[in-house]
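Shown next, in structure tokens, is the structure this report addresses.
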Amino acid sequence: MSKPKPVLEYDKVSKYFNNVPAVDGLALSVAAGEIVGLIGPNGSGKTTTIKMACGLYRPDAGAVRVAGLDVVKDPTGAKRRLAYVPDEPVAYDRLTGREFLQFVGELFGLDRGYRESRIDALLDAYGLRGMAEGLYGTFSRGTKQKISMCAGLLHEPDILLIDEPMVGLDPQSIQTTISLLEEYIKRGGAAFISTHTLPVAERLCGRFVMLARGRVAAAGTLAEMRAEAGLPRGSLEDCYLSLAGKL
Amino acid sequence: MRSAFAVMWGAVRLDARRAFRQSGWAQRLVAAAYLLLLAAVATGAYFMFLRGFRILLADELGGPVIARYVLEASFLIVAVLGTASGAVTSGRWLFLEAARETVASLPVPLHERFLFRFFGLAILSSWPVLLIVLPALLALSSAANAGLAYFAFASIAVVLLLVLVSLLASIMAFALAPLTRYVPAGWLALIEIAGFFLAGIALVRRVVPRGLFQRLIVSSSAESAAALDYIDRTFAWMPTHPLARAAAFVFGGSNDTVIDLLTVALLIGTAAVLVAVLVRLFYSRILFAAAETVFLAKPQDAPARRLPPFPRVLRWRHGFLFERQALEFFRSPDDLSRAASLVLILVFYVFTARAMAAMTVSGRPELYSSVVAFSVAAIGYMALTMAMRFAFPAPLLEVQRGWIIGASPMHLHETYSWQYFFWAGGIGAVSAAGGLLTAWSFGFAAPLAAMTVLSAVAVGMSVTAIALGQGTVFPARGARDPDYASTSPAGIAAIALSGFYLWAVWRYVQNYAQVFLSTGQVDSASVVGVLTLSCAIVAGYWGWAVHALENRSV
């Protein structure tokens, strides 16, 4: 059986801020139907890595491809296939939650009937249908995070890029988010998730990439991470702490 | 042990020192310019009053009468301005302070907390005293060679006036707090401004009746006494009346001065007791209500009704970008009230300029053309104020929410274009209205009216292009608040460039008006000049901003 085609590829990508490398020669890929967890200490380059994939940062070297499309050379084509959920869900405070989702639907050119049914389904999953009629600026951080997640899943992208998906969510909402992601993956989607919430990452992700100082320090399945860390029965958190101590 | 008041005051000083250390050269330049401007206004007022009082006091019989009227009017104007200024800000200042949550969790007695905010309110409301009453009293002392006793009475009068104004503003804040359950704070501020505007007109009608100066010009002691009696009766029910009488000590001290000051002290004591009762009964309740909801005392938001799908009006290809801007603007009470205040100032200016022009330059083309050019430049100044407040920080706000459009299949330059259409449309429309109002109120002939409106629109669209373009190419990323973004180097550059542009438009409009008023001919070169310069600015900034956006990391 042939290897599934990657929907997200980093091809020797580097990014510098004031001549300091934030990401240095990064090479990795994410295939359809898998969730890859991006882990690493603060300042290791996780957010920069994610932001280069969604066209918010421009790589200084190498290329990032989404569904085979170069994010710099064909930004609109690549962005049509992806969605990004940031760690800080800052949005339009004076739009209602539903209007914000409708706005995102317009950005991606969704048919209005389809857009409304998707919004209702996603809001229902989180139990937000009534609340979403309120202004975005009045929502709690957790509610904003849930609305952002709905925005990311709205147009069923090929790849979903998420920076810290669980921050501010209550346990029930974490469970809902995991369910939504699992359903999305079953339908052929892929996700690349940067997170410090390692127990959730362990449950959700099939593979992990650990960054340190902008380079891949370790990568693989949980079994491969355990082997790398020398902890055959360790959790992802144990492996992380062990590997981080060696950096 | 230090009191809570002293600790809070120490924190303010620490904050101020930190803000100064962290500010850039541009912010310091703007702050220095403001201080210089205030000092210049106060000094100018001092010399104006000094000249006036010297002329008045040269007339031993009539001088003190008019000087007394000037003092009464100055104290009253300052009290109204200070109370209006304090009342408009007092709601936020007393009940919605930024550090309220931190302070609420500390063992700070409620009365000290109020006293601290009240002290700040007194400082905020003190600008009319510093700019009008203080220069007037100092000028009077110089003109009349007053002694130490006058300084003592005048100083007490100034302090009492400040306390009186702050107490009145506090009472208004408590009286209006329940209204914020129903009316957003920004709208309430606008309603208060309108209320004070109407109250100001009513006061002016009372204290400046027709034939006033015939009553004040006297030629005998009996007429002088009658005029003073008239002033006493006119201002008798104003709380500032005893203060003005006390300051008039300079014309000859009497026991009445002490009685006047005691009267004001009694009035202030009564107001202070009322405020103390209000604080004791309601301050805590209002603070809790403010902490729990966005608006004071408003119950938690009930689920709102579902609105028709967005976009509702502008359903063409990129209309949703425009409609989003419009929704955000029209749903922001702060933005609306600021825009409305600026429009009110523009209307006020046009009518003032009209009145001044009618009195001074009627029938003199060379001066009249300057007034016409000045009117267009003033419209440009108001347009620039709006552009710097709304259009300049707009790209910064877009950067802060850059993940939404930045990670979508939308070209970033399209967002610039739609932002420009939105702000240039709005500011251009206000400028056009200002041009029309000017042309109508001055009664311009059609060619001059057309040039005025054309220039006003061009100015509105161009300064918006400069502000939005500068904000896009150099977004003030360090600015914590969009209100302060315009004090960034890019903001100052936008203001400077707009100043040069407005100067050039001034010259073109002045030239056009002078040619038309002198010969009746239309000066096409000036029209072409305004249009060419404006189009070059709009197109230049559009190209620069689009290029910057297409090559930027968000």
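The values are calculated or read from the model by the stated rules, or taken from the named source; none is laboratory data. Since the structure is predicted, the reported quantities are computational estimates derived from the model, not experimental observations. FYI the Cβ positions are ideal-geometry reconstructions off the backbone, even for glycines, and counts take in every protein chain you see. Ligands, DNA and RNA are stripped out before the accessible areas are found, and what is left, the full protein with its side chains, is counted by its heavy atoms. Shrake-Rupley method; radii C 1.70, N 1.55, O 1.52, S 1.80 Å.
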(request) Filter region A:206-236 for residues that are closer than 17 Å to A:Ile35 by Cβ and open to solvent by 10 Å² or more (accessible area, probe 1.4 Å) and give the result. (result) A:Gly206, A:Arg207, A:Ala219, A:Thr221, A:Leu222, A:Ala223, A:Glu224
(message) If I go through region B:216-249 residue by residue, how many of them are over 27 Å from B:Phe153 (Cβ atoms) and touching a Pro at 6+ places or on another chain (Cβ under 9 Å)?
(response) 0
(request) Assess whether B:Val163 counts as being open to solvent by 40 Å² or more (accessible area, probe 1.4 Å) and touching a residue at least 60 places away in the same chain (Cβ under 8 Å). (result) yes
(request) List the number of the failed condition for B:Val218; all other conditions in (1) touching a His at 6+ places or on another chain (Cβ under 7 Å); (2) assigned to a loop (DSSP other than H, G, I, E, B); (3) of a type in the set (A, V, I, L, M) hold. (result) (1)
(message) So A:Arg118 passes all but one of these: (1) within 14 Å of chain B (Cβ to nearest Cβ); (2) in contact with a Phe, Trp or Tyr (Cβ under 6 Å, 6 or more places away or on another chain); (3) modelled with pLDDT of 95 or more. Which condition number does it fail?
(response) (2)
(request) Within region A:65-82, count every residue that is at the interface with chain B (Cβ under 7 Å from one of its Cβ atoms) and in contact with a Gly (Cβ under 6 Å, 6 or more places away or on another chain). (result) 1
(message) Please verify whether B:Thr464 is over 25 Å from B:Leu397 (Cβ atoms) and either away from chain A (no Cβ under 14 Å) or open to solvent by 50 Å² or more (accessible area, probe 1.4 Å) (or both), treating the condition exactly as stated.
(response) no
(request) Select, from A:Leu154, A:Leu123, the only residue that is in contact with a helix residue (DSSP H, G or I) (Cβ under 7 Å, 6 or more places away or on another chain), open to solvent by less than 10 Å² (accessible area, probe 1.4 Å), within 14 Å of another protein chain (Cβ to nearest Cβ) and free of Cβ contacts under 8 Å to residues at least 40 places away in the same chain. (result) A:Leu123
(message) Filter region A:83-108 down to the residues that are out of contact with any strand residue (DSSP E or B) (no Cβ under 6 Å at 6 or more places or on another chain), facing another protein chain (nearest Cβ under 7 Å) and aromatic (Phe, Trp, Tyr) and list them by number.
(response) A:Tyr92, A:Phe103, A:Phe108
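Per-residue answers, yes or no, for (1) surrounded by 20 or more Cβ atoms within 10 Å (Cβ to Cβ); (2) modelled with pLDDT of 80 or more; (3) under 28 Å from B:Ala276 (Cβ atoms):
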residue: B:Ala99; (1), (2), (3): no, no, yes
residue: B:Thr102; (1), (2), (3): no, no, yes
residue: B:Val108; (1), (2), (3): no, no, yes
residue: B:Arg113; (1), (2), (3): yes, yes, yes
residue: B:Pro128; (1), (2), (3): yes, yes, yes
residue: B:Val133; (1), (2), (3): yes, yes, yes
residue: B:Gly147; (1), (2), (3): no, no, no
residue: B:Ser155; (1), (2), (3): no, yes, yes
(request) Those residues that are open to solvent by 30 Å² or more (accessible area, probe 1.4 Å) and in a helix (DSSP H, G or I), I need them from region B:206-215; list them, please. (result) B:Arg206, B:Phe213, B:Gln214, B:Arg215
(message) All but one of (1) open to solvent by less than 10 Å² (accessible area, probe 1.4 Å); (2) farther than 19 Å from B:Asn551 by Cα hold for A:Ala22; state the number of the condition that does not hold.
(response) (1)
(request) Test each condition in (1) under 18 Å from B:Ala290 (Cβ atoms); (2) open to solvent by 70 Å² or more (accessible area, probe 1.4 Å); (3) under 17 Å from the mean Cα position of the chain (by Cα) for B:Val88 and report the one that comes out false. (result) (2)
(message) Anything in region A:29-68 that is open to solvent by less than 10 Å² (accessible area, probe 1.4 Å), over 12 Å from A:Ile159 (Cβ atoms) and among the β-branched types (Val, Ile, Thr)? List them, or say none.
(response) A:Ile39, A:Thr49
(request) Kindly check whether there is at least one residue in region A:129-138 that is away from every other protein chain (no Cβ under 12 Å) and farther than 26 Å from A:Val7 by Cβ. (result) no
(request) State whether the residues of region B:468-487 include one that is within 17 Å of B:Gly380 (Cβ to Cβ), surrounded by 15 or more Cβ atoms within 10 Å (Cβ to Cβ) and of a type in the set (A, V, I, L, M). (result) yes
(request) Determine which single condition A:Lys146 fails, assuming it passes every other condition in (1) buried (at least 22 other Cβ atoms within 10 Å of the Cβ); (2) within 15 Å of the chain's Cα centre (by Cα); (3) within 10 Å of another protein chain (Cβ to nearest Cβ); (4) free of Cβ contacts under 8 Å to residues at least 40 places away in the same chain. (result) (3)
(message) Any residue that is outside any helix (DSSP H, G or I) and open to solvent by 60 Å² or more (accessible area, probe 1.4 Å) - is there at least one of those in region B:1-23?
(response) yes
(message) Please verify whether B:Ile132 is of a type outside the set (Ser, Thr, Tyr) and touching a helix residue (DSSP H, G or I) at 6+ places or on another chain (Cβ under 6 Å), treating the condition exactly as stated.
(response) yes
(request) Answer with yes or no whether B:Leu228 is open to solvent by 20 Å² or more (accessible area, probe 1.4 Å), in contact with a helix residue (DSSP H, G or I) (Cβ under 8 Å, 6 or more places away or on another chain) and within 13 Å of B:Leu71 (Cα to Cα). (result) yes
(message) Name the residue that is most open to solvent (accessible area, probe 1.4 Å), counting only residues in region B:232-250 that are small (Gly, Ala, Ser) and in contact (Cβ under 8 Å) with a residue 60 or more places away in the chain.
(response) B:Ala248
(request) Output the residue which, of all residues in region B:524-554 that are touching a residue at least 12 places away in the same chain (Cβ under 8 Å) and not in a helix (DSSP H, G or I), is nearest to the other protein chains (Cβ to nearest Cβ). (result) B:Val554
(message) Between a residue in region B:321-346 that is within 11 Å of another protein chain (Cβ to nearest Cβ) and any residue that is among the hydroxyl-bearing types (Ser, Thr, Tyr), which pairs come within a Cβ distance under 8 Å, given they are 6 or more apart or on different chains?
(response) B:Leu321/B:Thr415; B:Arg324/A:Tyr92; B:Glu328/A:Tyr92
(message) Suppose we filter region B:49-82 for residues that are open to solvent by 50 Å² or more (accessible area, probe 1.4 Å) and free of Cβ contacts under 8 Å to residues at least 12 places away in the same chain; how many remain?
(response) 5
(request) Being over 27 Å from the mean Cα position of the chain (by Cα) and more than 14 Å from chain A (Cβ to nearest Cβ) narrows it down to one of B:Pro395, B:Pro447, B:Pro409, so name that one. (result) B:Pro447
(message) For region A:77-89, give me each residue that is open to solvent by 30 Å² or more (accessible area, probe 1.4 Å) and more than 15 Å from the chain's Cα centre (by Cα).
(response) A:Arg80
